Amino acid sequence: MTARAIAADNATLAQALREAADRLEAQAANPFRVAAYRRGADAVAAWPEGLQAIYARQGIAGLEALPHVGKGIAAALAELLGTGHWRLLDQLRDGGEAGVALLAVPGIGIHLARRLHEELGVDSPEALEAAAHDGRLQQLHGIGPRRAAAIAAAVTMLLDRERAFRQAGRRPAVGPAASQVAVPPVELLLAIEREYRALADINRLPCIAPRRFNPAGEAWLPVWHVKRSGWHFTALFSNTARAHELGRVRDWVVIYCADEGAAERQYTVVTETRGALAGRRVVRGRETECRQWYASQAPVRATREAG
């Protein structure tokens with residue numbers, strides 16, 4: 001399936017916000033978030049000037065100034081106006097399919113996004129940038145040096161734009177070591193996936209029916225929406241070809257998250273099978289941070305056990 005581009009007229013932009021609200025509501029998402037998207041949709045539909053012109057003239061600040069359009073919705077509208085896609089909506093349409101976060105990168109379609117995730121474990125623009133620089137991208141069949149260089153340039157340009165917004169103070173950093181890059185700390189991601197798996201094990205979550213690998217249309221995939229520490233999280237098991245092939249569907253947890261002003265990010269939490277972290281839950285692409293966090297917890301555990 002190819003993700004369809006969204007037109008830039010106000011009516012279509014408003015419809016995208018409404019569709020996201022409807023899909024989130026069906027998954028028992030935070031009702032305040034659902035209501036915010038609907039208020040934003042009504043404001044966009046009623047605004048007399050085209051948002052494309054406002055964005056071209058004033059940038060994201062012009063979108064944020066509209067009634068009922070805060071930083072989060074403005075970021076979504078900017079993504080739609082700039083790329084014709086909205087990662088959150090693509091993810092909701094595809095039942096949580098891993099890899100859709102890559103669709104924001106120019107030149108990446110849904111087919112290539114799936115291959116990048118399933119063959120290289122790449123499921124976010126940040127992970128794609130790393131793969132481009134360490135040579136893994138060129139190992140993908142059909143990706144030669146010229147195309148790899150073009151993808152590397154596109155993803156770096158995308159991320160540089162996001163970093164510039166954060167450096168200008170438009171997206172505050174989160175976590176104890178607040179940095180210029182606003183990402184949730186690994187301990188928060190690990191806590192979210194741990195609670196998600198616990199709730200899924202006792203059947204406390206609504207289930208959706210993914211379209212891939214589900215010929216009977218069974219609603220089997222638990223999905224959890226929660227807001228913690230200023231972040232909106234969506235957690236669900238990985239419904240990818242690789243996860244099914246390895247029998248790791250319920251081991252790999254995909255987490256989508258966004259702060260109040262950021263476009264959505266995507267992470268995958270798995271059980272590490274090798275090295276010093278073997279047997280522990282880790283966030284793919286952030287193994288070093290996980291290692292540091294687990295090391296910091298060792299003295300705490302030792303003190304508790306001694307007491």
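Structural remarks
- Selection count where residues are polar (S, T, N, Q) and either surrounded by fewer than 16 Cβ atoms within 10 Å (Cβ to Cβ) or free of Cβ contacts under 8 Å to residues at least 12 places away in the same chain (or both), scope segment 16-30: 1
- Within the span defined as segment 249-269, every residue fails to be at pLDDT below 85 and more than 14 Å from the chain's Cα centre (by Cα).
- Among residues of segment 31-59 that are of a type outside the set (Lys, Arg), those with a beta-carbon under 7 Å from a residue that is open to solvent by 70 Å² or more (accessible area, probe 1.4 Å) and assigned to a helix (DSSP H, G or I) at least six positions away or on a different chain give the pairs Val34/Glu25; Ala41/Arg18.
- Sole exception among (1) at pLDDT 75 or above; (2) under 18 Å from the mean Cα position of the chain (by Cα); (3) not in a loop (DSSP other than H, G, I, E, B) for Ile108, by number: (3)
- Subset of segment 31-47 (residues that are at pLDDT below 80 and either open to solvent by less than 20 Å² (accessible area, probe 1.4 Å) or of a type in the set (A, V, I, L, M) (or both)): none
- Across segment 228-243, a minimum of one residue is classified as under 18 Å from the mean Cα position of the chain (by Cα), farther than 15 Å from Arg197 by Cβ and among the β-branched types (Val, Ile, Thr).
- Pairs linking a residue in segment 245-257 that is acidic (Asp, Glu) to a residue that is at pLDDT 90 or above, with Cβ atoms under 7 Å and 6 or more positions apart or on different chains, are Asp251/Val270; Asp251/Thr271.
- Unique match (being out of contact with any strand residue (DSSP E or B) (no Cβ under 7 Å at 6 or more places or on another chain), part of a helix (DSSP H, G or I) and either among the charged types (D, E, K, R) or at pLDDT 85 or above (or both)) among Ala164, Ala130, Ala113, Ala191: Ala191
The values are calculated or read from the model by the stated rules, or taken from the named source; none is laboratory data. Keep in mind the model is a prediction, meaning the values are calculated, not measured. Here Cβ is always computed from backbone atoms with ideal geometry, including for glycine, and neighbour counts include all displayed protein chains. Side chains are part of the model used for accessible areas, which takes the heavy atoms of the whole protein and leaves out ligands, DNA and RNA. Shrake-Rupley method; radii C 1.70, N 1.55, O 1.52, S 1.80 Å.
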